[in-house]
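Novice: This is the structure, below, for whatever I ask next.
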């Protein structure tokens with residue numbers, strides 16, 4: 001509030017927008033039948049402002065739902081027969097929902113609460129940022145049987161120079177350190193990632209750094225793309241745009257290496273016994 005010269009009070013504050021008001025309010029009565037799996041939105045928006053991404057401009061800042069509301073909705077899903085929930089957010093591991101004490105709780109705390117729900121056998125979450133993989137979340141991977149041994153953790157490039165141009169705010173070394181912590185906590189975890197080739201200014205040496213990172217991490221799967229300029233993002237205004245043919249060749253080489261890693265991971269799983277969730281029977 002601000003006071004004008006004539007003594008009148010002027011409201012200068014912006015109204016708080018509830019990004020989740022479109023979601024149905026949790027209800028204790030289960031009125032519909034569901035499948036065995038479901039998605040549950042816990043967070044929206046992103047504060048990272050990567051130079052190739054439009055999400056902060058289209059989705060706004062990071063906003064999280066209160067922990068109690070998520071838990072209540074998850075209980076209702078479990079009562080309806082859901083056995084696996086995937087938590088969703090543009091930057092889901094930046095979750096900071098209000099807890100019962102009025103303090104913010106992270107994604108790790110939320111997962112520990114959801115793991116207490118009877119009948120909820122499996123938990124997943126996507127998509128994450130390396131800088132938001134805190135110790136509590138890594139402990140959840142270690143301690144919770146319900147949390148599936150899978151993590152999608154985009155890195156985008158193995159070159160520190162390109163990561164800086166992307167405004168990723170992490171380095172290849174810090175990414176390796178996070179992966180090491182996760183694998184120490186959960187040795188059998190399957191890792192997935194995202195990669196962008198042909199980002200403005202990317203040289204052969206930068207691309208070689210990405211290939212080295214992929215070899216050393218050993219992904220179970222990964223998504224890879226050629227850089228595509230998004231209007232309104234800093235990346236679209238950068239000089240040294242990479243020629244399409246060069247980007248095509250790099251993408252093909254990267255995808256070939258990713259497939260090799262995927263095959264190696266699958267071969268390493270041969271002979272193991274694993275629990276599976278059968279969603280339906282064929283007719």
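Novice: Being closer than 20 Å to residue 184 by Cβ, assigned by TED's automatic domain parsing to the domain that holds residue 178 and modelled with pLDDT of 95 or more is true for just one of 144, 107, 153. Which residue is that?
Specialist: 153
Novice: Considering the range 36-47 alone, what residues qualify as being surrounded by fewer than 15 Cβ atoms within 10 Å (Cβ to Cβ), under 14 Å from the mean Cα position of the chain (by Cα) and in a loop (DSSP other than H, G, I, E, B)?
Specialist: Passing the criteria: only 47.
Novice: Restricting attention to the range 119-137, which residues are more than 14 Å from the chain's Cα centre (by Cα) and over 15 Å from residue 71 (Cα atoms)?
Specialist: 135, 136
Per-residue answers, yes or no, for (1) surrounded by 15 or more Cβ atoms within 10 Å (Cβ to Cβ); (2) within 18 Å of residue 67 (Cα to Cα):
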| site | (1), (2) |
| --- | --- |
| 80 | yes, no |
| 91 | yes, yes |
| 96 | yes, yes |
| 103 | no, yes |
| 113 | yes, yes |
| 117 | yes, yes |
| 140 | yes, yes |
| 168 | yes, no |
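Novice: Right, something else. With 218, 271, 235, 261 as the choices, which residue is surrounded by 10 or more Cβ atoms within 10 Å (Cβ to Cβ) and at positive phi?
Specialist: 218
Novice: Given the options 237, 191, 257, 213, name the one that is over 20 Å from the mean Cα position of the chain (by Cα) and touching a residue at least 40 places away in the same chain (Cβ under 8 Å).
Specialist: None of the others qualify; the one that does is 257.
Novice: Determine which member of the set 178, 242 is within 21 Å of the chain's Cα centre (by Cα), buried (at least 16 other Cβ atoms within 10 Å of the Cβ) and over 26 Å from residue 37 (Cβ atoms).
Specialist: Only one candidate qualifies: 178.
Novice: Among the residues of the range 183-210 satisfying the criterion of being part of a helix (DSSP H, G or I) and touching a helix residue (DSSP H, G or I) at 6+ places or on another chain (Cβ under 6 Å), which is nearest to residue 269 (Cα to Cα)? Even if it seems obvious, please write down each step before you answer.
Specialist: To start, the set of residues in the range 183-210 that are part of a helix (DSSP H, G or I) comprises 183-185, 204-210.
In the following step, the residues that additionally are touching a helix residue (DSSP H, G or I) at 6+ places or on another chain (Cβ under 6 Å) were identified as 185, 206-207.
Numbers: 185: 19, 206: 32, 207: 30 Å.
Among residues in the range 183-210 that are part of a helix (DSSP H, G or I) and touching a helix residue (DSSP H, G or I) at 6+ places or on another chain (Cβ under 6 Å), the one nearest to residue 269 (Cα to Cα) is 185.
Novice: Determine whether residue 99 is at pLDDT below 95 and either closer than 27 Å to residue 227 by Cβ or in contact with a helix residue (DSSP H, G or I) (Cβ under 6 Å, 6 or more places away or on another chain) (or both). So that I can check it myself, show each step before the final result.
Specialist: Values: at pLDDT below 95: yes; either closer than 27 Å to residue 227 by Cβ or in contact with a helix residue (DSSP H, G or I) (Cβ under 6 Å, 6 or more places away or on another chain) (or both): yes.
Answer is yes for this residue.
The values are calculated or read from the model by the stated rules, or taken from the named source; none is laboratory data. Remember, predicted model here, so these are calculated numbers, not experimental data. Note that each Cβ is placed from the backbone with ideal geometry, even for glycine, and that neighbours are counted across all protein chains shown.
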